[in-house]
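Q: Structure in structure tokens, see below.
The values are calculated or read from the model by the stated rules, or taken from the named source; none is laboratory data. All values derive from a computational prediction rather than experimental measurement. A quick note on method: Cβ atoms are made from the backbone with ideal geometry, for glycine too, and the neighbour counts reach across all protein chains shown.
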Amino acid sequence: MNLSYLIPRVVRRFLPERIVRFLLLRSIVIEPGLETRDPQAAVQRYVDILTERGDTLKGKRVMVFGYGGRFDIGVGLLESGADAVVLCEKYAPPDDSHNRALLPRYETHLLLNGELVRPRNERITLLEADIRDVKPSDLAPVDLVISNSVYEHLDDVEGITRALAALTKPNGLHIHFVDLRDHFFKYPFEMLAYSKQVWYSWLNPSSNHNRYRVWEYRRVFESSFSQVELTVLQRNQAEFEKARPRIRPEFISGNLEDDSVELIRVIVSQPMS
């Protein structure tokens, strides 16, 4: 029994959400995604990918799926050439103290609405809803959907992917970075050692970790898009082999290259109707 894993996991499972949010935004114990900790680097990464493909942000309507509550990423996309940005986030509310500090520099994109800083609706749209409830008639279609370390937290990967595909233009593109590791990073495959009942009752963090493996992501994206490019960015075969005796059979494909995947990048296009 790995108590050095189990005790912190149980504590994290039952930690009040307001405390989790406080720690996350300050990078204390819980590390936030790239969009939160370094939004300019996040924007540049997407710019670089588009450049490699002979494309740009210019004129594009971009959705940031799971933006984390800070408006830097939306402003950064506009400053880098995007025509409009949809900041989509069901769970994390706007980080008002952080966003207020952005206002003096970005008054062309942000405004003070009472006591709160909010985007100017002309170019930045806040979408604080379950994406599965958003109909194509409710939202103008987007050219580009981007996310970083969001997909591993989804509770309905298939349904949400279908919903995002339905909101994407026929010639639109998605770029998703997905972290398949246990987010207690010292033990990257430990979460795969527990049954569904134990995981969801006692160990699954409040942010949810769906434990999808690379072959499952491949299947999901191929069911909603005609063109799927799934690139493995990082494997850890040594750690997987160390954990293998405890890993449950449903998380083992028998192909070590797939089983040991930690990080992937998924670029998809041609959404299916």
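Q: State the number of residues belonging to the stretch 106-148 that are surrounded by 12 or more Cβ atoms within 10 Å (Cβ to Cβ) and free of Cβ contacts under 8 Å to residues at least 12 places away in the same chain.
A: 1
Q: For the stretch 111-125, name all the residues that are at pLDDT below 95 and either part of a helix (DSSP H, G or I) or among the hydrophobic types (A, V, I, L, M, F, W, C) (or both).
A: Scanning the stretch 111-125 gives 111, 112, 116, 117.
Q: Would you tally the residues in the stretch 99-127 being touching a helix residue (DSSP H, G or I) at 6+ places or on another chain (Cβ under 7 Å) and more than 23 Å from residue 143 (Cα to Cα)? Reasoning before the result, please.
A: Step one: list which residues in the stretch 99-127 are touching a helix residue (DSSP H, G or I) at 6+ places or on another chain (Cβ under 7 Å), which gives 102, 106, 109-110, 116-117, 119, 123-124.
Among the residues that remain, those that are also more than 23 Å from residue 143 (Cα to Cα) are: 102, 106, 116-117.
Qualifying residue count, the stretch 99-127: 4.
Q: Taking the stated definitions as given, is residue 79 farther than 18 Å from residue 172 by Cα, touching a residue at least 40 places away in the same chain (Cβ under 8 Å), surrounded by 13 or more Cβ atoms within 10 Å (Cβ to Cβ) and charged (D, E, K, R)?
A: For residue 79, the condition - farther than 18 Å from residue 172 by Cα, touching a residue at least 40 places away in the same chain (Cβ under 8 Å), surrounded by 13 or more Cβ atoms within 10 Å (Cβ to Cβ) and charged (D, E, K, R) - is not met.
Q: Please state which one of 100, 37, 105, 70 is touching a His at 6+ places or on another chain (Cβ under 8 Å) and modelled with pLDDT under 95. Give the derivation first.
A: Working: 100 fails: touching a His at 6+ places or on another chain (Cβ under 8 Å); 37 fails: touching a His at 6+ places or on another chain (Cβ under 8 Å); 105 fails: touching a His at 6+ places or on another chain (Cβ under 8 Å).
Going through 100, 37, 105, 70 in turn, the sole match is 70.
Q: Is it the case, given these coordinates, that residue 211 is of a type in the set (Lys, Arg), within 21 Å of residue 144 (Cα to Cα) and surrounded by 16 or more Cβ atoms within 10 Å (Cβ to Cβ)?
A: Details: of a type in the set (Lys, Arg): yes; within 21 Å of residue 144 (Cα to Cα): no; surrounded by 16 or more Cβ atoms within 10 Å (Cβ to Cβ): yes.
Here the answer is no, as residue 211 does not meet what is asked.
Q: Here is a follow-up. Under 6 Å by Cβ, and 6 or more places apart or on different chains, what pairs join a residue from the stretch 243-262 that is of a type in the set (Asp, Glu) with one that is part of a helix (DSSP H, G or I)?
A: Going by the 6 Å Cβ cut-off, the qualifying pairs are 258/214; 258/215; 259/240.
Q: Next up: Got at least one residue in the stretch 65-84 being more than 21 Å from residue 122 (Cα to Cα) and touching a strand residue (DSSP E or B) at 6+ places or on another chain (Cβ under 7 Å)?
A: No - not one qualifying residue is present in the stretch 65-84.
Q: Is there a residue in the stretch 128-139 that is at positive phi, in a loop (DSSP other than H, G, I, E, B) and modelled with pLDDT of 90 or more? If you could, list the steps in order and put the result at the bottom.
A: First pass over the stretch 128-139, keeping only residues at positive phi: none.
No; the residues of the stretch 128-139 include none that is at positive phi, in a loop (DSSP other than H, G, I, E, B) and modelled with pLDDT of 90 or more.
Q: Follow-up question, since we're still on this one. Go through the stretch 5-34 and give me each residue that's among the aromatic types (Phe, Trp, Tyr) and at pLDDT 80 or above.
A: Scanning the stretch 5-34 gives 5, 14.
Q: Output yes when any residue across the stretch 2-13 is closer than 22 Å to residue 160 by Cβ, in contact (Cβ under 8 Å) with a residue 60 or more places away in the chain and either not charged (D, E, K, R) or not in a loop (DSSP other than H, G, I, E, B) (or both), and no when none is. Don't jump to the end; show me each part of the working.
A: Just the residues of the stretch 2-13 that are closer than 22 Å to residue 160 by Cβ, to begin with: none.
The answer is no, given that none of the residues of the stretch 2-13 is closer than 22 Å to residue 160 by Cβ, in contact (Cβ under 8 Å) with a residue 60 or more places away in the chain and either not charged (D, E, K, R) or not in a loop (DSSP other than H, G, I, E, B) (or both).
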